[in-house]
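A short write-up of the structure that comes next.
The values are calculated or read from the model by the stated rules, or taken from the named source; none is laboratory data. Values in this document were obtained by computation on a predicted structure and should not be read as measured data. In this analysis, Cβ positions are derived from the backbone assuming ideal geometry, glycine residues included, and neighbour counts consider all displayed protein chains. We work out accessible area using only protein heavy atoms, side chains counted, and drop any ligands, DNA or RNA first. Shrake-Rupley method; radii C 1.70, N 1.55, O 1.52, S 1.80 Å.
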Amino acid sequence: MSIIATGVLELRWSGVSIEDWWRNEQFWVIGGVSAHLFAVFQGFLKVLGGVDTNFTVTSKAGADEADAFGDLYLFKWTTLLIPPTTLIIINMVGIVAGVSDAVNNGYGSWGPLFGKLFFSFWVIVHLYPFLKGLMGRQNRTPTIVVLWSVLLASIFSLVWVRIDPFIAKPKGPILKPCGVQC
């Protein structure tokens, strides 16, 4: 509650509108799951593995297609699109799976579902400008981004189902006779 109160007081004192604050929140979430994530990963590679990343500042002014150095002017950003796209897919699948599970299991499962739905919608709403930009460029979204995102979302979903952290596990090994089925 104190963090929320501090945030509201900072908004009031600075004169920032709610819309500007919300855009800033969206910007930080999108940056946090894409560019900042890769910056941390590259930092770990440099510190732990001694791998140096090459970065060359080049002019982004219009390059001709026939230019031998034309590829220097291209921004290779597809890897930055994969983590946010994966998060969107995971949350959308989670919403569908959660609602279908609640429908199948009856009244008792709707209570815990609302908290999970809230956080899934919260992530999707924060990443909405990213999704709008990704889908707004019709036939321009790199197919590799969608393929990697679906692959990663599938792997994370299967691991999550295997771990199943919301079901209490008995401590110790499960000892039951299994006969020929072992």
The residue that is modelled with the lowest pLDDT, considering only those in the range 73-87 that are surrounded by 19 or more Cβ atoms within 10 Å (Cβ to Cβ) and either of a type in the set (A, V, I, L, M, F, W, C) or over 9 Å from the mean Cα position of the chain (by Cα) (or both), is L81
Taking the range 15-41 and the residues there that are surrounded by 15 or more Cβ atoms within 10 Å (Cβ to Cβ) and part of a loop (DSSP other than H, G, I, E, B), the one that is farthest from the chain's Cα centre (by Cα) would be S34
If we ask which residues in the range 122-147 are at pLDDT 80 or above and either open to solvent by 100 Å² or more (accessible area, probe 1.4 Å) or in contact with a Cys (Cβ under 6 Å, 6 or more places away or on another chain) (or both), their number turns out to be 4
